[in-house]
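Below is one structure, written out as structure tokens; the observations come after it.
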Amino acid sequence: MFNDFKQGFCLTRAGYLLNHSVGRPLKSTEQVFKVAFFAPWQDSGREPWTQWLGVIEDFTSALSKLFNGQQKDFCPQVNLSSALTKIVMSLERLNREHAVVLMSEIDFPSMGFALKKALPASCEVRFIPKNLDITDPNVWDAHISSDVDLVFVSHAYSNTGQQAPLANIFAIAGDRGCLSLVDVAQSAGIISLDLALLQPDFLIGSSVKWLCGGPGAAYLWINPAILEHCQPKDVGWFSHENPFEFNIHDFRYRHSALRFWGGTPSIAPYAIAAHSIHYFAGLGASLLRKYNQQLIDVVVQEFDSELVSPRDAEKRSGTLVLQFGEQQAQIMAALTNANISVDSRSMGIRISPHIYNDMADIKLLLDVIKANR
């Protein structure tokens, strides 16, 4: 079954396990890109914007299928940092004196950088200490206090392979009057997330990892219940209720998440990503996760104290992290020499099998590690 999927992707060799960083492209992507982006530009004597803007419609349509949300509630973004900055700056609640944002010390640093610069100087970014188990709902319960204005949570954590208990976190935040924002950069496509069910206030994500959609095609989602409280500062003509009205004296926000869009949009990244997201939305994240976890389980069974990411499948993401201490550099060099694509961060070696990986990839990985311990 999965060998059929393997044939659909551009794979230059066995052993590509870097899907937490960049997913491999579909073989059909190049032709789709030419048709959606290049052909309207090349083959017509008229400006191609009518066709190009259809690409954005296709992109948000794909996202709505993937996350079970309404298409109008998604907006393209260039990257997650920009999306987060736009959201924070749009909210009056976060632009008053002494607002508080809660996040974890193991969140991706870029998110902390963006928050600290986007918030007023008097505001506090409060951290859950990195030594605490963020897969434990009780940890979140203890830190989401009544003075917290926004809870920032990563669905999956890049350096530990942990998965946050989203349903618990959003329930606690809602009960205590806190806004909630989830970062799905490391989970989109590999861990199911149903927006209609979970109902956070905001979501930000990208397409470059498990969705195999390349860089530059990020996105944000706004819960429609909070949309009118969002007054973006970073706007442009595509944030306008009628972009083609062209009256410099009259700006009106769009009545959708596209009020966060900004100026003249990029098209090319979304042409690539829309095709890939439709593909994975059609397969369903549950299928991908089942296969991913089957391959991870094979590796987990071989190790004990070396395991950094959770042994419990319910608490882990699509990435396995292994730490070999003094042998780490030697093992990493051996994996590189064997053309096995993994990487090493502060917590250990990160390994992320996708649907186009198979047991041969895992066997090769284990053989090399065992030979160099």
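According to a simple spin-label model (label point 7 Å from Cα along Cα-to-Cβ), what is the distance in nm between ASP136 and ARG13?
4.3
Treat region 201-310 as a sphere of radius equal to its Kirkwood radius over Cα pairs and apply Stokes-Einstein at 37 °C in a medium of 0.692 mPa s; give the translational diffusion coefficient in µm²/s, rounded to a whole number.
Answer from the Stokes-Einstein relation: 190 µm²/s.
Under a GNM of the chain (C-alpha, springs under 10 Å), which listed residue has the highest mean-square fluctuation: CYS178, CYS123, CYS75?
CYS123
Between PHE38 and SER145, what is the label-to-label distance in nm when each label sits 7 Å out along the Cα-to-Cβ direction?
Label at PHE38, label at SER145, 5.7 nm between them.
Defining a contact as two alpha carbons under 8 Å apart and six or more residues distant in sequence, what relative contact order in percent does the chain show? Working shown, then result.
Working: 720 pairs, mean separation 90.2, N = 373.
Result for the chain is 24 percent.
So, with a 1.4 angstrom probe, what is the percent of accessible area on region 19-69 that is carbon and sulfur?
53
For the cross-link pairs LYS65/LYS209; LYS27/LYS72; LYS6/LYS65; LYS86/LYS117; LYS72/LYS290; LYS6/LYS290, which exceed 20 Å when the distance is taken from alpha carbon to alpha carbon? List each step's numbers first, then the result.
Working: LYS65/LYS209 18 Å; LYS27/LYS72 30 Å; LYS6/LYS65 23 Å; LYS86/LYS117 12 Å; LYS72/LYS290 30 Å; LYS6/LYS290 16 Å.
From LYS65/LYS209; LYS27/LYS72; LYS6/LYS65; LYS86/LYS117; LYS72/LYS290; LYS6/LYS290, over 20 Å: LYS27/LYS72; LYS6/LYS65; LYS72/LYS290.
Amide H neighbours of SER341 under 5 Å, at least 5 residues apart or on other chains, H built in the peptide plane: list them.
Amide H neighbours of SER341, under 5 Å, 5+ apart: TYR16, LEU17.
May I ask you to derive the FRET efficiency for GLN294 and PHE246 from their Cβ-Cβ distance with R0 = 35 Å, giving the value to the nearest 0.05?
Efficiency computed from Cβ-Cβ geometry: 0.05.
I'd like the Karplus ³J(HN,Hα) series for region 217-222: coefficients 6.51, -1.76, 1.60, θ = phi - 60°, whole numbers in Hz, and an x wherever there's a Gly or Pro.
Running phi through 6.51 cos²θ - 1.76 cosθ + 1.60 with θ = phi - 60° gives 10, 8, 6, 10, 10, 10 Hz.
At 20 angstrom or more along the helix axis (alpha-carbon based) and mean Kyte-Doolittle of 0.0 or higher, what helices does the chain contain? Whole DSSP H runs only.
Flagged H segments are 49-67, 268-283, 285-300.
Can you tell me the dipole magnitude for the chain around its Cα centre, using point charges on the Cβ only (Lys, Arg +1; Asp, Glu -1), in Debye to the nearest 20? Could you put the intermediate results ahead of the total?
Working: 31 positive and 37 negative charges, 135 e Å.
Here the size comes out at about 660 debye.
Given a Förster distance of 51 angstrom, what is the FRET efficiency for GLU326 paired with ASP4, based on the Cβ-Cβ distance and rounded to 0.05? Show your work: numbers first, answer last.
Numbers: r = 42 Å, r/R0 = 0.83.
Computed FRET efficiency for GLU326 and ASP4 comes out at 0.75.
With a cut-off of at most 12 other beta carbons within 10 Å, and DSSP calling the residue loop, which GluC sites (Glu not before Pro) in region 1-103 qualify? Please list them. Let's see the in-between values first.
Working: sites: GLU30, GLU57, GLU92, GLU97; in loops: GLU97.
The qualifying sites are GLU97.
Check GLN77: other-chain or 5+ apart residues with amide H under 5 Å from its amide H, H built from backbone geometry?
ALA218, TYR219, LEU220
Give the accessible area for HIS229 in Å² (nearest 10); use a 1.4 Å probe, count only protein heavy atoms, and leave out ligands, DNA and RNA.
120
Region 301-372 to region 57-71: how many Å between their Cα centroids?
33
Using only Cα atoms, what Kirkwood radius does the chain have, in angstroms? Mind dumping the intermediate values first?
Values: mean 1/r = 0.0462 Å⁻¹.
Result for the chain stands at 21.7 Å.
Please label the shape of region 182-251 as rounded, prolate or oblate, based on the square roots a ≥ b ≥ c of the eigenvalues of the alpha-carbon gyration tensor (a/c under 1.5 means rounded; beyond that, a/b larger than b/c means prolate, else oblate).
oblate
The values are calculated or read from the model by the stated rules, or taken from the named source; none is laboratory data. What you see is a predicted model, and the numbers here were worked out from it, not measured in a lab. No Cβ is skipped: glycine too gets one built from the backbone with ideal geometry, and neighbour counts run over all protein chains shown. All accessible areas refer to the heavy atoms of the entire protein, side chains included, with ligands and DNA or RNA removed. Shrake-Rupley method; radii C 1.70, N 1.55, O 1.52, S 1.80 Å.
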